[in-house]
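*Asks:* Got a structure for you, written out below as structure tokens; questions coming shortly.
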Amino acid sequence: MSLDHPRFALAALAALAAALLAGAASAADVAVFPPQVVNLSPGQGEAIGTVLAQAYAHASNTDVLGPSQTSSAVTDPNHLQDAAAKLGVAEYIETSAVGLVSNEPGGSRIVIHATRRSQSGQAIFRAELTATSMGDVEIVAQRLARALFQRLPAEETIDIHSVTAKEAGPENRTFSRKLTGPKVGVIFPVSAHKSYDPMVALSWSTRLEGGSYFVEFATGIALPCATEQNGYDSQGIGHLWADVGGSLFLSNSPVAPYLGLGISPRLIVSNGATVNIAPYAQAGILMARTSSVHLFVEFRAAQNLLSVKETRHGVRTDHDFRPTELGGLAGISW
């Protein structure tokens, strides 16, 4: 049989196609098939699948076949395991995208559901997120890819740089905002040559939170707690104070540590009224950062800049001290 015989040519082409398909499959571990779409165009569906494939490749650090490479292997969308076996991948991602149309401004959205499956079709993990538009799809794809690969609820993949437009809406209050709430704690004034009573601190704070920082304003009272262990010569320096400061977040995660500086003018009311001012440094941890209610704990060191008159046996002396205040506070804000 000659090489130009039609049957030989067809056989050669079939062998070449099979080799190319096998080569492509062997170079990838995961396939993302074209999404099944409702109220969206095929082009929009392919774009969603392509972005998800790229995001999953980044999240898993593996080679992933996108919709343009997998569509030819699909003969029945209801039996994608057959296409996965044909491609030779160990896993595949099945996706659906539903466009929901609303006449209200900003009411339209795209619900994207993705399922990670083994080659045999067994579900490994499912995740779903909502995009307000095609412009929101990239963030949604990154979050879905991380959720599928790490087997996490999609809500736990959020940080301040991956908040979807839907989540950032005013009803969820997940981005920049004003938060107020109480703080309580204990403060320990210390000095090398003088003993001071510890204090209970009660305050109300307002925080203006940005993407990587917050500015804080607070007012409060510190009440000295005299005990027998403090000694008779121990002195209370209870005071009213105001705080003005700012802190930087060290992480974009929902549980974020932070460091800050500020200044605290105060009126010391124990043993006569005295005005003082104390710069402070603080370190804290903010929890549930992306929710509507924040919880936080912080540790603070403040240094009184002006002298505090000594009292001994309830009588003022000529000695002056500038105590340092070390304390821990816990608070809630909304």
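The values are calculated or read from the model by the stated rules, or taken from the named source; none is laboratory data. Just so it is clear, the model here is predicted, and its values are computed rather than measured. We place every Cβ from the backbone using ideal geometry, glycine too, and count neighbours over all the protein chains shown.
*Asks:* Identify the residue in region 110-168 that is of a type in the set (S, T, N, Q) and modelled with pLDDT of 90 or more and, among all such residues, is farthest from the chain's Cα centre (by Cα).
*Replies:* Ser120
*Asks:* Continuing with the same structure: Report the residue count in region 286-315 for those that are part of a strand (DSSP E or B) and modelled with pLDDT of 80 or more.
*Replies:* 13
*Asks:* Here's another thing I want to ask about it. Residues that are buried (at least 17 other Cβ atoms within 10 Å of the Cβ), under 20 Å from Glu138 (Cα atoms) and not small (Gly, Ala, Ser): does region 73-93 have at least one?
*Replies:* yes
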